[in-house]
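Worksheet: the structure to be examined is printed underneath.
Values quoted throughout were computed directly from the atomic coordinates according to the rules given, and no laboratory measurement underlies them. Everything numeric here is computed off the predicted structure, so don't read it as measured data. In this analysis, Cβ positions are derived from the backbone assuming ideal geometry, glycine residues included, and neighbour counts consider all displayed protein chains.
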Amino acid sequence: MKGRTVLVVDDDKDILDIIKIYLQNDRFEVITACDGGAAIEKLKEQDVDLIILDIMMPGLDGLHTCLEIRKEKKIPIIMLSAKDDPSSKILALDIGADDYVTKPFNPLELVARVRSQIRRYSEFNEERSQNRGKIVIDDLVIDTESHRVFVGENSVELTPIEFSILKVLAENRGRVLSTENIYENVWNEPFYNSKNTVAVHIRNIREKIEINPGKPKYIKVVWGVGYKIDR
């Protein structure tokens, strides 16, 4: 994607070089950092469209770096890790990552994920200037013009992925959407072994919009089928 800038953060120079080559071949501008502290300083100097962030780094690791970035920015973050256990992936998504890629990885697949995340985020920002009205479900208000969510008088801060999932469910309220339906609608790519990804994001949304996440008022689970918001 010509004109798009990606920040790649990893303490392994070989991995940095490989990712940089493949991204540049796809016409991305690439800047690099070798640790979390350097990445945060780079973000103060230059705007980027996406961050690829390794978890295991000396000094400020990827998880703490992600937390710091999320205090100021909502740009897409793809985490890299040698850990492929579900708990590590869930933790990364919980603290604000948009995607999680395990090492070793296929560089072409990583570039495809970068394109997908930037495309989704760009569409998210483009829609902010268009008046799509509001979706009102009891005291839950989804403002699709400003991409803000309110529960009663309280504003709720959702990440772009979380907002997109909530919006898809709200636009299809009364209909049960499978995990696959949700994933393909939000990520705009084929579903593959991504049940945990969707489940974690929905859990995060519930914690933000529900008074009692254990007894959800809005997003209901239909066991063995998927999720829905009642009419």
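For Cα extents along the principal axes in Å, one of (i) 59, 39, 32; (ii) 52, 37, 30; (iii) 67, 40, 31 was computed from the structure I shared and the rest are decoys. Which label?
(ii)
Under the rule a/c < 1.5 gives rounded, and otherwise a/b versus b/c splits prolate from oblate, where does region 5-127 land using the Cα gyration tensor? Spell out each step's value before the answer.
Numbers: a/c = 1.16, a/b = 1.08, b/c = 1.07.
Rounded, because the longest to shortest axis ratio a/c is under 1.5.
If I stretch the segment between residue 196 and residue 56 completely, what's the gain in nm (0.36 nm per residue apart, minus their alpha carbon distance), one decimal? Mind showing how you got there, number by number?
Working: separation 140, 0.36 × 140 = 50.40 nm, distance 2.15 nm.
Taking residue 196 through residue 56 to full extension adds about 48.2 nm, to one decimal.
Per DSSP H run of n ≥ 4, the term is -39500 (n - 2.57); total these for the chain, divide by its residue number, and report the mean residue ellipticity at 222 nm rounded to 500 deg cm²/dmol.
That calculation yields -13000 deg cm²/dmol at 222 nm.
Find, among the GluC sites (Glu not before Pro) in region 84-183, those assigned to loop by DSSP (not H, G, I, E, B) with at most 15 other beta-carbon atoms within 10 angstrom. Working shown, then result.
Numbers: sites: 109, 123, 126, 127, 145, 153, 157, 162, 171, 180; in loops: 145, 153, 157.
In loop regions of region 84-183 (DSSP not H, G, I, E or B), the sparsely surrounded GluC sites (Glu not before Pro) are 145, 153, 157.
In nm, what is the difference between 0.36 nm times the number of residues separating residue 223 and residue 180 and their Cα-Cα distance?
On the way: separation 43, 0.36 × 43 = 15.48 nm, distance 1.43 nm.
The span from residue 223 to residue 180 would gain 14.1 nm if fully extended.
Using the Kyte-Doolittle scale, which helices in the chain average at least -1.0 and also have C-alpha atoms spread 20 Å or more along the helix axis, with helices defined as whole DSSP H runs? Could you put the intermediate results ahead of the total?
Values: long enough: 107-127 (30 Å, -0.88); 195-209 (21 Å, -0.50).
Answer set is 107-127, 195-209.
Starting from a Cα-only point model with no solvent, please compute log10 I(q)/I(0) by Debye for region 134-229 at q = 0.11, 0.12, 0.14, 0.16 1/Å.
Results for region 134-229 at q = 0.11, 0.12, 0.14, 0.16 Å⁻¹ read -0.28, -0.34, -0.46, -0.61.
Quote to one decimal, in nm, the extra length available between residue 41 and residue 71 on full extension: 0.36 nm per residue of separation minus the C-alpha distance between them.
On the way: separation 30, 0.36 × 30 = 10.80 nm, distance 1.43 nm.
Here the answer is 9.4 nm.
Quick one: if you stick a label point 7 Å off each Cα along the C-beta vector at residue 21 and residue 172, how many nm between them?
In this crude spin-label approximation the distance works out to 4.1 nm.
Tell me, how many Å apart are the Cα centres for region 131-195 and for region 1-73?
With region 131-195 and region 1-73 each reduced to a Cα centre, they are spaced 28 Å.
Calculate the dipole size of region 134-229 relative to its Cα centre from +1 charges on Lys and Arg beta carbons and -1 charges on Asp and Glu beta carbons; express the result in debye to the nearest 20. Please list the in-between numbers first.
Working: 13 positive and 13 negative charges, 77 e Å.
Value, rounded to 20: 380 debye.
Could you pull out which residues in region 158-173 have an amide N less than 14 Å from a spot 7 Å beyond the Cα of residue 95, following the Cα-Cβ vector?
Output list for this probe position: empty.
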